[in-house]
Amino acid sequence: MNSNNLLQPDWEHKKHIKLVFIITAILLLIAFFLSMNLGKVKVNLFDMVNILLSKFGLTDGFAQDLVLEKETVFFNVRLPRSIVASFVGAGLAAAGAVMQGLYRNPLAAPDVLGVSQAANFGVGVAIFFFSAGTLFVQLTSFFFGIFALVFTFLMVSRIQGSSITNLVLIGVIISAIFQAGLTLLLYLSDPYSEMLRINYWLLGAFNTVTWSDVQIIVPVVLIGLVFLSVFGWRLNILSQGDEEAQALGINLKLWRGLYIFFVALVVSVATASVGNISWVGLIIPHIARYLVGSNQARVIPYSALLGALFLLLIDTVIRNLPWGEIPISIITSFIAAPFLFALILSKKNRRSLFK
């Protein structure tokens, strides 16, 4: 048999995956441009170029005729908001892909460690006890998210048995504790001020994003994405089971700890900055596996790319609703929950979904 015929299927598969990556990247660029242009204030490509040239001092008076409103909307509102939406979507989706591979569970999500619930509790503490501003709320949320991560590992290290099982159980317990604490704070809070503010934050929104958020979120998420993508191939080994991984010389505690640390870091920063955004970390990895296969070295970076596209499109839509903006988690739940249900029921896709 001709060896070229044997290599043909693998070549076609790689070509297909490369094409999927390219198409998704192009769609992301188009979505980013649309997010800059769509809105009550129209900012076309010529306006964008003029504003950027003016901001970076690359032109002398070239943008003097621009309307100040366009410059303010584009550079101070839409640009940082779209950047943050893209990176938060990428981070949450990649984190979800890692958790599903690490736990060998298609329904695992980044909040399985209790990090999201702890970060949400931090939001409640900052608003209820201190009536804090955005920066203090973000710092408190991030602190509680990292605290939950450290506490989880301390508890798991003291318990004998399967580390994955213990991690899930401890994560459930911590989630329940912080969720109960948040519920108590909501019950005790003023329904016309503190409760409204806490609830709005918990539903997720990008309308308060500034360049300071970009400076925090982008480097942290980028570092997390680089690590998770570069070492995604090791996750393929961990996904096979503890015995197989140990037989291949993988340090289970070290690599699980590293994966979970970067997942928690990304999720904590995202939650602290824009609130709780549900379903992205659960549904996007399933779509990614369906399109590019189950190899984690491809699933993680493609999940990030697809997550950025998904959340950017959702944010653009809610920003342009005729009746006004609504929290983003409402829309993500309406879209993602039925989609996941359809995937589960589909006999054609069931095998790829739970692969």
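The values are calculated or read from the model by the stated rules, or taken from the named source; none is laboratory data. Since we're looking at a predicted model, the values are computed, not measured. Note that each Cβ is placed from the backbone with ideal geometry, even for glycine, and that neighbours are counted across all protein chains shown.
Summary of computed values
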| read-out | value |
| --- | --- |
| Candidate set: the range 177-194, residues that are polar (S, T, N, Q) and surrounded by fewer than 18 Cβ atoms within 10 Å (Cβ to Cβ); chosen: the one nearest to Ile127 (Cα to Cα) | Ser193 |
| Test: Lys15 is more than 23 Å from the chain's Cα centre (by Cα), modelled with pLDDT under 75 and basic (Lys, Arg) | no |
| Complete set of residues in the range 241-277 that are within 18 Å of Ser86 (Cβ to Cβ) and hydroxyl-bearing (Ser, Thr, Tyr) | Thr271, Ser273 |
| Some residue of the range 187-198 being out of contact with any Phe, Trp or Tyr (no Cβ under 9 Å at 6 or more places or on another chain) and in contact (Cβ under 8 Å) with a residue 24 or more places away in the chain | yes |
| Flag if Ile318 is in contact (Cβ under 8 Å) with a residue 40 or more places away in the chain, closer than 20 Å to Thr208 by Cα and among the β-branched types (Val, Ile, Thr) | no |
| Meets criteria (more than 22 Å from Phe33 (Cα to Cα) and buried (at least 23 other Cβ atoms within 10 Å of the Cβ)) for Val84 | no |
| Selection from the range 159-176 of residues that are part of a helix (DSSP H, G or I) and either surrounded by fewer than 16 Cβ atoms within 10 Å (Cβ to Cβ) or on the phi > 0 side of the Ramachandran plot (or both) | Thr165, Leu169, Val172, Ile173, Ala176 |
| Residue pairs meeting the criteria (Cβ under 7 Å; at least 6 apart or on separate chains; first of a type in the set (A, V, I, L, M, F, W, C), in the range 204-233; second in a loop (DSSP other than H, G, I, E, B)) | Ala205/Gly275; Ala205/Pro327 |
| Subset of the range 235-277 (residues that are β-branched (Val, Ile, Thr), closer than 18 Å to Thr165 by Cα and not in a helix (DSSP H, G or I)) | none |
| Residue count, the range 54-80 (criterion: modelled with pLDDT of 75 or more, of a type in the set (Val, Ile, Thr) and surrounded by fewer than 18 Cβ atoms within 10 Å (Cβ to Cβ)) | 2 |
| Subset of the range 257-271 [crowded, with 21+ Cβ neighbours inside 10 Å and more than 16 Å from Leu202 (Cβ to Cβ)] | Tyr259, Ile260, Phe262, Val263, Ala264, Leu265, Val266, Val269 |
| Matching entry among Ala272, Ala308, Ala304 (being of a type outside the set (Val, Ile, Thr), over 13 Å from Gly89 (Cβ atoms) and touching a helix residue (DSSP H, G or I) at 6+ places or on another chain (Cβ under 6 Å)) | Ala272 |
| Selected residue [modelled with pLDDT of 80 or more, surrounded by 15 or more Cβ atoms within 10 Å (Cβ to Cβ) and among the aliphatic types (A, V, I, L, M)] from Val209, Val230 | Val209 |
| Filter pass, Ser333 being among the polar types (S, T, N, Q), farther than 17 Å from Ala94 by Cα and either at pLDDT 85 or above or part of a helix (DSSP H, G or I) (or both) | yes |
| Pairs where the first residue, in the range 33-47, is closer than 18 Å to Trp323 by Cα and the second is in a loop (DSSP other than H, G, I, E, B) and β-branched (Val, Ile, Thr), C-beta under 9 Å, 6+ apart | Val41/Val67 |
| Residue among Ile83, Ile51 that is more than 29 Å from the chain's Cα centre (by Cα), modelled with pLDDT of 75 or more and within 30 Å of Gly324 (Cα to Cα) | Ile51 |
| Residue within the range 312-329 that is surrounded by fewer than 22 Cβ atoms within 10 Å (Cβ to Cβ), modelled with pLDDT under 85 and assigned to a helix (DSSP H, G or I) present | yes |
| Filter result for Ala126 (closer than 20 Å to Trp201 by Cβ, part of a helix (DSSP H, G or I) and either aliphatic (A, V, I, L, M) or touching a residue at least 12 places away in the same chain (Cβ under 8 Å) (or both)) | yes |
| Any hit, the range 215-234, residues being among the β-branched types (Val, Ile, Thr), in contact with an Asp or Glu (Cβ under 9 Å, 6 or more places away or on another chain), over 24 Å from Ser278 (Cα atoms) and assigned to a helix (DSSP H, G or I) | no |
| Condition met for Val156 (in a helix (DSSP H, G or I), free of Cβ contacts under 8 Å to residues at least 24 places away in the same chain and under 21 Å from Val221 (Cβ atoms)) | no |
